[in-house]
Amino acid sequence: MKAICDRFVPSKCSSSSTSEKRDISPTSLVSDSPSIDDKSNLTLCSDVVASSSPVSQPCREASTSEHKPVCTTHNSWTVILKTASMASGAIRRFQDRVLGPSRTGISSSTSEIWLLGVCYKISEAESSEEADAGRVLAAFRQDFSSLILMTYRRGFEPIGDTTYTSDVNWGCMLRSGQMLFAQALLFQRLGRSWRKKDSEPADEKYLEILELFGDTEASAFSIHNLILAGESYGLAAGSWVGPYAVCRSWESLAGKKKEETDVKYKSFSMAVHIVSGSEDGERGGAPILCIEDVTKTCMKFSEGETEWPPILLLVPLVLGLDKVNPRYIPSLIATFTFPQSLGILGGKPGASTYIVGVQEDKGFYLDPHDVQQVVTVKKENQDVDTSSYHCNTLRYVPLESLDPSLALGFYCQDKDDFDDFCIRATKLAGDSNGAPLFTVTESHRTNDCGIAETSSSTVTSTEISGEEHEDDWQLL
């Protein structure tokens, strides 16, 4: 499958061409490099014909006397796919046969569904196949389809000094990050209760958000600018990266845009804080949310203009070796009950997705692997077609099959919202049976050796609500 997706027949071939190298980080556990052995339930690269760049193929000389180069194709399938120009739907079916079918829809279970902090309780009638028009189920579907979808795009301007005009086969983690960040902006500007209504003209604030994620350097949060901001973390066109690098890149990009003088960028400003552990998030361990550090981040970002700006919290995690340790799954599910929830960046090995909801042990996700043509969105054009930024198909993946390298996202509108988040996070860690996703502390202290370390006691709601709790728990 990798050979089919990654290699293409060149229109021209010179006798001295070399393949473009891709910098694959050895620490990245989630990438766009699928293998046939991976029985993934996720949908991968739905258009293998779309090339992310002109990739040269190796050539050989026909003989010592004739210097006409002869191209050697890596796989006979490339010729078939190139000639037939298979449609996206046909390739989707091909992937299903090789990798296993995508799982779609809602189960017949009446267990509640959590979608980014909102609970939908499905009745027995609504869980049946004949009740798709049920009130609660319809509300859930409208909520899901209102979430912003970012997918592979083709036909955009080259990224930096490269020849990449598409991110097919390598950009799924970047697109997943864009979805999470766009959702945070949607919460900030339009609120959690906003729903997209096709029968009405598009909201100008909604169009402004989509414009920020256009596939051009002129758009603040484009894949172009994200790669530029994340160069020091290994981001590069054509390279596959993990959740930690993407989180750090968003932190860097948000900081750069805060310094912009353009008013439209400032109106979308929010602080970004990475919750990391002793190894700065790269080698696992329980990350530590230090309230003192978050406060400093907010004060530095606001520059005294506001007491507490909106803040996006990103928590990179490594929750196992080959797959997520089952001990963490109840806590992962519980994070979707937080009003501040922005879901999970993660997926199966080789396929990053944006997980936005849960029902029992299943995670509903938005899939960035569909290939779509570039769309130019301007807030002045309310008639622009934005359907490619939304998804009506409910896909899910068993949480136990997730790659252990993932990242959580939370959006706090103000100080009160952050305080509420800390209370919920502290309780979640206390109920984790010794396996917290992350811990909460109030401040750092210095030990006898002069080394700074976090306080050993867990912050409860004492400093927030004045209530006293005696329960402490150990950092893992």
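Things to note:
- Label-point separation in nm, T216 to S123, each point 7 Å along Cα→Cβ: 5.0
- Residues with amide H under 5 Å from that of I288, placed H, sequence gap 5 or more: S276, G277, T439
- Table column - 3J(HN,Hα) (Hz), region 362-369, Karplus curve with 6.51, -1.76, 1.60, x for Gly and Pro: 10, x, 7, 9, 9, 9, x, 8
- Per-residue ³J(HN,Hα) for region 182-198, Karplus 6.51 cos²θ - 1.76 cosθ + 1.60, θ = phi - 60°, Hz, x for Gly and Pro: 5, 5, 4, 5, 5, 4, 5, 8, 10, x, 5, 7, 5, 9, 6, 10, 5
- Global form of region 294-416, assessed from the alpha-carbon gyration tensor, a/c cut-off 1.5: oblate
- Put simply, the amide H of A351, placed in the peptide plane, has neighbours under 5 Å in S31, leaving out anything fewer than 5 places away on its chain.
- The alpha carbon radius of gyration of region 153-279, expressed as a multiple of 2.2 N^0.38 Å, is 1.09.
- Close amide H contacts of L317 (hydrogens built in the peptide plane, cut-off under 5 Å, sequence separation of 5 or more or a different chain): L406, A407, L408.
- In order along region 134-148, the Karplus-derived 3J(HN,Hα) couplings, from 6.51 cos²θ - 1.76 cosθ + 1.60 at θ = phi - 60°, round to x, 4, 5, 5, 5, 5, 5, 5, 5, 5, 4, 6, 8, 5, 7 Hz, and Gly and Pro are given as x.
Rule-based calculations on the coordinates, nothing more; no lab input. Every value quoted in this text rests on a predicted model; they were computed, and no experiment measured them. We place every Cβ from the backbone using ideal geometry, glycine too, and count neighbours over all the protein chains shown.
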